[in-house]
1. Exactly one condition in (1) part of a loop (DSSP other than H, G, I, E, B); (2) open to solvent by 70 Å² or more (accessible area, probe 1.4 Å); (3) of a type outside the set (Gly, Ala, Ser) is not met by residue 55; state its number.
2. Of all residues in segment 32-49, count the ones that are among the small types (Gly, Ala, Ser) and surrounded by 22 or more Cβ atoms within 10 Å (Cβ to Cβ).
3. Can you report the number of residues in segment 119-162 which are out of contact with any Leu (no Cβ under 7 Å at 6 or more places or on another chain) and assigned to a helix (DSSP H, G or I)?
4. Taking only segment 104-118 into account, find how many residues are in contact with a Leu (Cβ under 9 Å, 6 or more places away or on another chain) and in a helix (DSSP H, G or I).
5. Of everything in segment 11-21 that's open to solvent by 10 Å² or more (accessible area, probe 1.4 Å) and touching a Phe, Trp or Tyr at 6+ places or on another chain (Cβ under 9 Å), which residue is farthest from residue 148 (Cα to Cα)?
6. (1) within 20 Å of residue 18 (Cα to Cα); (2) exposed (fewer than 14 other Cβ atoms within 10 Å of the Cβ): which one isn't true of residue 84, the others all being true?
7. For residues that are open to solvent by 50 Å² or more (accessible area, probe 1.4 Å) and either on the phi > 0 side of the Ramachandran plot or not in a loop (DSSP other than H, G, I, E, B) (or both), tally how many sit in segment 167-183.
8. If you go through segment 1-51 one residue at a time, how many are in a helix (DSSP H, G or I), in contact (Cβ under 8 Å) with a residue 12 or more places away in the chain, touching a strand residue (DSSP E or B) at 6+ places or on another chain (Cβ under 9 Å) and not hydrophobic (A, V, I, L, M, F, W, C)?
Amino acid sequence: MKLLSFGAILWDIIEGEEHIGGAPFNLAAHSARLGVETHFMSAVGRDDLGRRAREAIRRAGVKDRLVKESDKPTGVVDVKLDARGVPAFTIREPSAWDHIEVTDEEIAWVNAQRFDCFCFGSLEQRQPVTRATLRRVLRECFFGRVLCDINLRMQYYDQERVEHCLRACDILKLNDEEAAKVGGMLGVA
């Protein structure tokens, strides 16, 4: 099996400690650990966090040919936990993963790979550059299956983006809270 995961790699800062993350990267890392040939399409900054993120990608056994360097800083999310341990997220801007781009040659390379699965989320559509790249990949590339991790966060989604995700995927991953939000949006809750 061959998988291409698209989107954020970032550093979660929890109580002053850095943790590599981002749902698309986490999926890629876990898939690689399970023996899946996993590729990742993202962007990191030309900074120390970006260098360390790329090292984490490689340590996880994920192929990083489609991870670009950006003049924007590597993504950082400040995470605050309330008394019950429920997280609140503040995504620092700008972030390199908001500026993922793809060339014609990379589109051709992706198609030549015959990926069994492509994975993306809604959060990666929060800024125009990455949103346009994602939509181009979905439009021009061919995958056996497309999985969407809806991953609704703060103000970074709307009905148009959610409906695009639903139309683009074969498999939808969501939690109970996201199911209620999507159902309410579509009038089925």
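1. (1)
2. Total satisfying the criteria: 3.
3. The number of residues fulfilling the criteria is 18.
4. So the count comes out to 4.
5. 18
6. (1)
7. Total meeting the criteria: 8.
8. 3
The values are calculated or read from the model by the stated rules, or taken from the named source; none is laboratory data. All figures in this text were calculated on a predicted structure; none of them were measured in a lab. We place every Cβ from the backbone using ideal geometry, glycine too, and count neighbours over all the protein chains shown. When the accessible area is computed, the model is the full protein with side chains, heavy atoms only, and any ligands, DNA or RNA have been set aside. Shrake-Rupley method; radii C 1.70, N 1.55, O 1.52, S 1.80 Å.
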